[in-house]
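Below is one structure; the comments refer to it alone.
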Amino acid sequence: MGGHLTTLASDNAQIRAEVEHVSFRNDDNGWTVLKARNCDDDSLLTATGFFAAVHAGAQFEFFGAWAKHPTYGQQFKIDRLVPIRPSTKPAIERYLASGLVDGIGPKTAARIVAHFGATTLDILDAEPKRLHEVPSIGKKKAGVIIKSWLDQRVASDVMMFLNTHGISPLFAARILRHYGPDAIKHVSADPYRLANDIQGIGFLSADKIARSMGIAADSIERMRAATLYQIQQAEERGHCYVTTPQLINALAGSLSLDGDRITPRLADCLSHLNDIGAIATTLIDHPDTPESGQIRVHARTDILMAEWNVARCAQKLLAKPLVAETERIDAWLAKYGEASGTILAPEQLEAVRKAATHRLFVLTGGPGVGKTTTANTIIRLLKAMGKTVALAAPTGRAAQRLTEVAAAPAKTIHRTLEWLPHLHSFARDETNPLPVQVVIVDEASMLDIRLADALIRAVPPNAQLILIGDIDQLPSVGPGNVLRDLIDSGVVPFTRLTQIFRQASYSRIIQTAHGINNGAAVAFADADASSDCQFIEVDSGDDIRRTVLDLVQRRIPQEFGFDAASDVQVLTPMNRGELGTAAINDELQRALNPPADHKREMKRGTLMLRQGDKVIQSVNNYDLGVFNGDIGFVRDAKVEGGKLLVAFGDDRLVTYEDEATLDLRLAYAITIHKSQGSEFPVVVIPCSMQHYVMLQRNLMYTALTRARKLAFFVGAKRALQFAINNKTSSARQTGLVAKLRTP
């Protein structure tokens, strides 16, 4: 059912209709196309929407809007539906004959309605044992019918209740599947639990449901749920805690209440959440509080414990100094340099010595400064010293790249720590540490506080942990700023490489990246078509999009010989808008992977996935072993009745089924945040003031440093300069620095 729907003027329409037959249904997500007969004028219509199983003969009040599909014509898009029990004998007979109830086919339905008439459904509800009165229905068959009728009646009641409170059919089906026949009881007792229990329902949706059920605007239940929501929102922005004033302001916005109504009740709310262990309230040192030097902050308990664990384990590693074998190290370095032709700069030599003589060490630096050469030397030195070394990276692509440059196998951190999907935990921790003497992690700027906690606890107490990354890139998607905090603490040994090597200095990509990072005005040679970093200046958003599409599908493949799908990556700041990932992906999918008879495809919600499509995983799925940012290609669709096969870059073939497929997105264009830890032969970066809320220095620096061979900025140079001048994004509220400094 591909193509765009054009909504017609008759929005918010209401239709009473009886289902004639179901044309298409996706049992994974509830997407349904059905033919229905309008009860008012007997006309046939096509209706589409997400809802629980529906059968011929069922009557509904449909709420939604008429829309025109370019291929399938006029359709009614259902936003909400209310079941209506059929009342006439013919309608009741069609309803029962639809297969809705086990044991009732067309003949049995006809006999039951012939016997009970228009009161049939009331009889089945109140006196189902009277089925014995109907000829040819014995005791056993009656038992099957009664059980099935009661089961579907419960489901119908649940769906009616949920629809009454504004829950969409898609989410109503998920709620019914999760809670079963007790759904009404659970949702009525605490509608806010939906935000935790049901994927896709957050606080705002749960709050809308709760308010429709009569929960007061200033109720303590509402405030508790909103408080957790705001702390989670702060985590989404990378913070590990919120202050009390920040929390009051955020609650005022999400609850639409004055701060004066929130403040008196907030203490009780926070006390309860602390008592049940959901959050932890602490005092921390803060430079902006001259009187006491401390402020009260609130964090989820697991975040606070993760920070303490990282600090505790780091201090334990630092407290056990290694024997400094300086002379042997220098002798090895001299021999290695002669044998390999590797000449290390003084700061690189310093980094190698520190890495070999400390249990915890950080190596950082931008592009072209020799991080890879230094890291390879460290790995070879440690192995020459007889140490067992584990190499890891946060993502599959980063691990694959580390394997290539180090000529040694590397794994994702999750594989290194041996993730156990059925337990939702790692096999490796302080009670079962990694069986190695050194753990080296590349792209460590991507470590959020939770993953850093799991990693450092799995490092044996007598081993070493070496972290490599660029602290000027975007920080982790998750909460924390671990790599920078370790350096800023002043207690963790580190080396920052700054010298750009001659070969790298010829690259305009590297020159421009350092210019962006240093806040300098970046110049581009307009006539230099041979440059590996170019700026194509166009004005309007429409012109930017057309230029990006032309670059990807025509110019780059024809002029430079790169494959449009596998080699070229569009990196854009946002998902929405005409220059967002959604719009660009739609057009690139049509251009690079159009429909064909030999390509199987599968529709997931509004997204069409077909064989050959480039896709990205949008959230961590620990059961499948795929993680946020993993990029792959659809190998096959509709396998074994509805499964999707995706091949990822580290030679894994992953089978998606059910709702797991809803976490996939097209990846011809991805956000810059999603590109962390990856490198691509060619990147194309739309650059527009449309994205001004996202235009920040480290965002553009990260985007450009993803390019190995070619980079194209497309748009307005003033937008790039605006981003270069904006260095406000790096500040994150974390407590790790203070904890590392705590004796």
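According to the square roots a ≥ b ≥ c of the eigenvalues of the Cα gyration tensor, what is the shape class of the chain, taking rounded for a/c under 1.5, prolate for a/b larger than b/c otherwise, and oblate for the remainder?
Values: a/c = 2.11, a/b = 1.70, b/c = 1.24.
Prolate, because a/c is 1.5 or more and a/b exceeds b/c.
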Notebook entry, point to check: Which of Ser98, Ala58, Trp31 sits farthest toward the positive end of the charge dipole of the stretch 18-161, with +1 on the Cβ of Lys and Arg and -1 on the Cβ of Asp and Glu?
Noted result: Ser98
Next item on the list: Take the alpha carbon gyration tensor of the stretch 550-688, find the square roots of its eigenvalues, order them as a ≥ b ≥ c, and report rounded if a/c is under 1.5; if not, report prolate when a/b exceeds b/c, else oblate.
Entry: prolate
Next item on the list: For the stretch 317-329, just list the computed ³J(HN,Hα) in residue order, Karplus coefficients 6.51, -1.76 and 1.60, θ = phi - 60°, integers in Hz, with x standing in for Gly and Pro.
Entry: 5, 5, 7, 10, x, 7, 5, 7, 9, 4, 5, 5, 5
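Mind running the shape call on the stretch 678-733? Use the C-alpha gyration tensor, a ≥ b ≥ c as the square roots of the eigenvalues: rounded below 1.5 for a/c, prolate if a/b tops b/c, oblate otherwise. Each step should come with its number before you reach the end.
Values: a/c = 2.60, a/b = 1.32, b/c = 1.97.
Oblate shape, in that a/c is at least 1.5 and b/c is the bigger or equal ratio.
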Check: Looking at the P(r) of the stretch 124-181, how many percent of alpha-carbon pairs lie beyond 17 Å?
Finding: 48 percent
Item checked: Spacing of the two label points (7 Å from each Cα toward its C-beta) at Lys208 and Glu578, in nm -> 2.8 nm
Check: In the chain, what % of DSSP beta bridges are antiparallel (nearest 5)?
Finding: 60 percent
Item checked: Degrees between helix 396-406 axis and first principal axis of the chain (Cα, 0 to 90, nearest 10) -> 20 degrees
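Report for the stretch 640-743 the percent antiparallel among DSSP-assigned beta bridges with both residues inside it, nearest 5. Display every interim value, and only then the final one.
Working: 5 of 12 bridges.
Antiparallel bridges make up about 40 percent of those DSSP assigns within the stretch 640-743.
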Note to self: Between helix 371-384 and the chain, what is the angle of the helix's C-alpha long axis to the longest principal axis, kept within 0 to 90° and rounded to the nearest 10?
What the structure shows: 80 degrees
Note to self: If you average the alpha carbon positions of the stretch 52-98 and of the stretch 469-528, how far apart do those two centres end up, in angstrom?
What the structure shows: 58 Å
Margin query: For a quick check: with amide H placed at 1.01 Å from N, whose amide H comes under 5 Å from Tyr622's, ignoring anything fewer than 5 positions away on the same chain?
Written below: none
Note to self: 5 Å is the cut-off here: which amide hydrogens, built 1.01 Å from N in the peptide plane, fall below it relative to Ser425, excluding neighbours closer than 5 in sequence?
What the structure shows: Leu420
Margin query: With the cut-off at 20 Å, tell me which of the pairs Lys638/Lys674; Lys603/Lys638; Lys371/Lys709 have Cα atoms farther apart than that.
Written below: Lys638/Lys674
Check: Pairs Lys35/Lys139; Lys107/Lys147; Lys387/Lys739; Lys335/Lys383: which exceed 25 Å Cα-Cα?
Finding: Lys35/Lys139; Lys387/Lys739
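Could you work out how much longer the chain between Ser43 and Gln294 gets when fully extended? Use 0.36 nm per residue separation minus the Cα distance between them, nm to one decimal.
Extra length from Ser43 to Gln294 when fully extended: 83.3 nm.
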Checklist line | For the stretch 682-743 versus the stretch 347-399, the gap between their alpha-carbon centres in whole angstrom | finding: 26 Å
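Calculate the translational D of the stretch 250-398 in whole µm² s⁻¹ from Stokes-Einstein, where the hydrodynamic radius comes from the Kirkwood formula applied to all Cα pairs, the temperature is 37 °C and the viscosity 0.692 mPa s. Kindly include the intermediate steps, with their values, before the conclusion.
Working: Rh = 20.3 Å.
Estimated diffusion coefficient is 161 µm²/s.
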Notebook entry, point to check: In whole Hz, what ³J(HN,Hα) sequence does the stretch 144-154 give by Karplus (6.51, -1.76, 1.60; θ = phi - 60°), x for Gly and Pro?
Noted result: 4, 5, 4, 4, 5, 4, 5, 4, 5, 5, 4
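Express the relative contact order of the stretch 532-621 as a whole percentage, based on alpha carbon pairs under 8 Å and six or more residues apart in sequence. Intermediate results must be reported in sequence, preceding the final value.
Values: 53 pairs, mean separation 17.4, N = 90.
For the stretch 532-621, the relative contact order is 19 percent.
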Notebook entry, point to check: What are the radius of gyration and Dmax of the stretch 117-213, computed over its Cα atoms and given in Å?
Noted result: 17.2, 53
Check: Using Cα atoms only, what is the angle between the long axis of helix 203-212 and the major principal axis of the chain, expressed in degrees (0 to 90) to the nearest 10?
Finding: 30 degrees
Check: For the residue pair Arg237 and Glu338, what label-to-label distance in nm results when each label sits 7 Å from Cα along the Cα-to-beta-carbon direction?
Finding: 5.9 nm
Check: Say a paramagnetic label sat at a point 7 Å from the Cα of Arg415, along Cα to Cβ; which residues of the stretch 639-676 have their backbone N under 12 Å from it?
Finding: 648-653
Checklist line | Farthest toward positive dipole pole in the chain [+1 Lys/Arg, -1 Asp/Glu at C-beta], among Phe648, Ala280, Val492 | finding: Phe648
Next item on the list: Just need the relative contact order of the stretch 190-229 here, percent rounded to a whole number, with Cα pairs under 8 Å and 6+ apart.
Entry: 35 percent
Notebook entry, point to check: Of all the C-alpha pairs in the stretch 382-450, what % are more than 19 Å from each other?
Noted result: 36 percent
Check: For labels at Val22 and Asn196 in the simple 7 Å Cα→Cβ model, what's the distance in nm?
Finding: 3.3 nm
Next item on the list: Could you grab the relative contact order for the stretch 595-671? Cα pairs under 8 Å, six or more apart, rounded to a whole percent.
Entry: 28 percent
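Read the figures in this text as sums done on the coordinates, not as results from a lab. Since the model is a prediction, treat every value here as computed from it, not as a measurement. Every residue, glycine as well, gets a Cβ built from its backbone with ideal geometry; the counts of neighbours run over all protein chains shown.
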